[in-house]
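Q: I'd like to ask you about the structure that follows.
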Amino acid sequence: MINYKIWTLCMIQKGDEVLLLDRQHDHFKGYIPPGGKVNFPESITDSAIREVKEETGLDVWNLKYKGLYEYINPVMNDRYMIFNYITTDFDGELIQDAPEGKAVWVKINDACKLPMQESIRRRFPLFFEEGSFEIQVTWNNEENKEGNVSIKET
């Protein structure tokens, strides 16, 4: 049996800046866009909208699907699927002391100079290109790190 885990991520763009969370807890530290688990039976897009609201306080709409990022672990029969969106349409006030990390506006050209998980850094520029992407990472269970990485752009 395969274990499917579904997540979302939503990049919020304001001119030449994006909103990132300065996440400094658990094993997933660094600057990341808001996102999280999809709760059954909500839609994937509704999950992205909810996660942005919970993590930043902002309401977002007109989300544009940018691509799929997934990890597969053949040894554990796990498949993590992360649906990625971008929007320029938002309203509201940022939450102070948000649980997932402080929300900060960062220049797009400076973002990848910040501490960031490799999985975020790998797809970051693809949000600002035409088309969509599909990235599949095969997890090396033996070495507990990324193995083969396949990137397709359409």
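Q: Against the definition (without any contact (Cβ under 8 Å) to a residue 60 or more places away in the chain and of a type in the set (S, T, N, Q)), how does residue 62 come out, yes or no?
A: Answer is yes for this residue.
Q: Kindly establish whether residue 78 is among the charged types (D, E, K, R) and modelled with pLDDT of 95 or more.
A: It is true that residue 78 is among the charged types (D, E, K, R) and modelled with pLDDT of 95 or more.
Q: Show the residue pairs that are 6+ apart or on different chains and have beta-carbon atoms under 8 Å apart, the first residue being within the stretch 121-133 and on the phi < 0 side of the Ramachandran plot, the second being assigned to a helix (DSSP H, G or I).
A: 124/111; 128/108; 133/123; 133/126
Q: Another question, then. Quick one: in the stretch 2-51, which of the residues that are aliphatic (A, V, I, L, M), part of a helix (DSSP H, G or I) and more than 11 Å from the chain's Cα centre (by Cα) is surrounded by the most Cβ atoms within 10 Å (Cβ to Cβ)?
A: 49
Q: Another question about this same structure. Within the stretch 62-70, can one find any residue that is modelled with pLDDT of 95 or more and over 15 Å from the mean Cα position of the chain (by Cα)?
A: yes
The values are calculated or read from the model by the stated rules, or taken from the named source; none is laboratory data. Please read these numbers as outputs of a predicted model, since none were measured by experiment. Cβ: placed from backbone, ideal geometry, glycine included. Neighbour counts: every protein chain shown.
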